[in-house]
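Take a look at the structure below.
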Amino acid sequence: MPIFTLKDVQEHRSISPKRFRFSDNPAVRNHEARGHHIVGPKFPSLKRLFKQETGIDTLDGPYGPYKFLTDAAEIASALAWQDKHKSYVFLRDNLDCAMAFDFNLAEAGVYTEFGQAEHDAKASKSEAAIAKLSAGLAGAIANNPFYSGCEMVCAVPPSPEKDWDLPTELAKRVAAATKKIDISADVKFQKKKQSVKALSLDDKWKALEAAQLIAPTNVKGKKIILIDDKYQSGTTAQYVAMKLFEMGAKEVHGLFCVKTWRDTDNT
């Protein structure tokens, strides 16, 4: 099982880029003067996704996976793959794959469509916003074989004193829409979880450990989608994934409504 530790999380934080969206920075480029296209999936998770959906192997280079393409069919397949996933924000972390389906802001002070929905859903429990986010998550699952092949969904758990939690509500609706098992009620912090936004990574990890997360044994051999409304540094999601792996999960894929502009927690 792909068990990881705090040290692995620290190592990933030192690698750039930390997020990658094809509509901003294409993974498939036409080097017309050299007579080929080059595909650069950037992240190991994208390398696996590219191979699974196109059948094309890539090589490992100093700047990440790459492949020179000269065959017209392979080029068409690579471009179609890029177009299929062009709007998602892929994230570098210790999960098998991690992605959000939008940024929260289009520019300083201006929400994106899904950023506004995430804000409205969390701030006022807007039914229209919650439905929009749930539909977006379900659509992202259907569009990615890593996610569609999972058996379970799980919300990143809240601190136990909260009486309502957006990720938990989203996981419930997504499970119903995709016919997957929702294990959110069985993955929970037993003690109040300290806010970790202003803490160093080491102290974040200690705070999460102090909150005593428990996870069920029925995840052994299962593929799980970990759901949250917002991805900032990804520390809590990776901590929860680590616990699921310790309980025997086969794969854990992170799916988030929006990615913040910052790659570390907002303070």
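The values are calculated or read from the model by the stated rules, or taken from the named source; none is laboratory data. The shown structure was predicted, so the numbers you read here are calculated from the model rather than taken from an experiment. Positions of Cβ are backbone-derived with ideal geometry, glycine not excepted, and every protein chain shown enters the neighbour counts.
Some values worked out for this structure:
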item	result
Residues being loosely packed, with under 12 Cβ neighbours inside 10 Å and at pLDDT 90 or above - total across the range 5-23	2
Yes/no for ILE224 being touching a Cys at 6+ places or on another chain (Cβ under 6 Å) and either over 20 Å from ARG262 (Cα atoms) or of a type outside the set (D, E, K, R) (or both)	yes
Which listed residue, of GLU118, GLU113, is in the same structural domain as HIS253 (by TED's automatic domain parsing) and touching a Lys or Arg at 6+ places or on another chain (Cβ under 8 Å)	GLU118
Residue within the range 146-153 that is assigned to a helix (DSSP H, G or I), over 16 Å from LYS230 (Cβ atoms) and of a type in the set (Gly, Ala, Ser) present	yes
Set ARG48, ARG29: member being of a type in the set (Lys, Arg) and either more than 22 Å from LYS86 (Cα to Cα) or under 16 Å from the mean Cα position of the chain (by Cα) (or both)	ARG48
ASP60 assigned to a strand (DSSP E or B), of a type in the set (Asp, Glu) and either more than 17 Å from the chain's Cα centre (by Cα) or in the same structural domain as ALA106 (by TED's automatic domain parsing) (or both)	yes
Among (1) surrounded by 18 or more Cβ atoms within 10 Å (Cβ to Cβ); (2) at pLDDT below 95, the one test that PRO216 misses	(1)
